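The values are calculated or read from the model by the stated rules, or taken from the named source; none is laboratory data. Here the structure is a predicted model, which is why all the values come from computation and not from measurement. Cβ atoms come from the backbone with ideal geometry, glycine included; neighbour counts cover every protein chain shown.
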Amino acid sequence: MSVVGYKEVAKPPEPYYRDELVTLYHGDCRIITAWLAADVLLCDPPYGVAYNSNWPSTLPRSISGDEDTALRDWILEQWGDRPALVFGTWRIPRPAGTRARLIWDTKGALGMGDLSLPWKPSDQEIYVLGSGFRGPRTSNVISCAPVQSMAKNGRLHPHEKPVALLAADDLMGKCPPGVIADPTAGSGSTLVAAKRLGRPAVGVELEERDCEIAARRLSQAVLGEAVPRAVVRPPVQPAMFDPDQSVA
């Protein structure tokens, strides 16, 4: 074991994929800990929703470790107080140390939710931890359509995030410089976003199926390739109260 940064990092195995910017390992992030030597954590870990899709699809119906928040909490404990952006949901307690909450507005395109209610979910939460983020102060609401499962060139992973969201000026664009870490890399969207922005990144993924998909996507990703823009929703300006125009 060698000490790198904040934690002991075991010598990793041979990468599943590597290029001039991105390294991807196949295995368990609790064993392959090379990601702990990175500078910024950006990930969508299993966080205890026990996802199980009944929708007809070739995608896996569930993901490993989603029965509770144990893996998410372990990742954040190892990461310490360094900068992190972590996806989650209001239904599960937020991570300890959360400093702010970003809202991913999916433009009305996600989820069924509670069918007894006249509203459907169309957002997800992203938790901000640590410090060092930079850039102009903008709205905490980022609008970006999700990857649709049934569309042409559709979703490759049950929880795949759009590259446009991850590469947005108001997400990865506000992260401190350095290496991006995604210890639950899935189909590789975070790694692809980093590569397109010219940022080094390291990922670990448990499922070989997803490693294969991520490696294919990374081999096709082009440094500096244009990424569709996510839109930051401007803050709503409060109406001015005029006492002379009060309603009787």
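The figures follow:
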read-out	value
Residues of region 167-188 satisfying the condition of being among the polar types (S, T, N, Q) and under 16 Å from Trp35 (Cα atoms)	Thr184
Test: residue in region 14-35 that is of a type in the set (A, V, I, L, M) and at pLDDT below 95	no
Residue match in region 49-69 (condition: at pLDDT below 95, among the aromatic types (Phe, Trp, Tyr) and either more than 17 Å from Leu166 (Cα to Cα) or buried (at least 20 other Cβ atoms within 10 Å of the Cβ) (or both))	yes
Members of region 129-161 that are closer than 23 Å to Asp73 by Cβ and at pLDDT 95 or above	Leu129, Gly130, Ser131, Gly132, Phe133
From Ala194, Ala164, Ala215, residue being touching a Phe, Trp or Tyr at 6+ places or on another chain (Cβ under 9 Å) and modelled with pLDDT of 80 or more	Ala215
Whichever residue in region 168-191 is crowded, with 24+ Cβ neighbours inside 10 Å and part of a helix (DSSP H, G or I) and, among such residues, is modelled with the lowest pLDDT	Ser189
When residues of region 76-95 are limited to those that are surrounded by fewer than 17 Cβ atoms within 10 Å (Cβ to Cβ) and either within 10 Å of Tyr127 (Cβ to Cβ) or modelled with pLDDT of 95 or more (or both), the one nearest to the chain's Cα centre (by Cα)	Arg94
Every residue from region 111-128 that is within 24 Å of Gly203 (Cβ to Cβ) and modelled with pLDDT under 95	Gln124
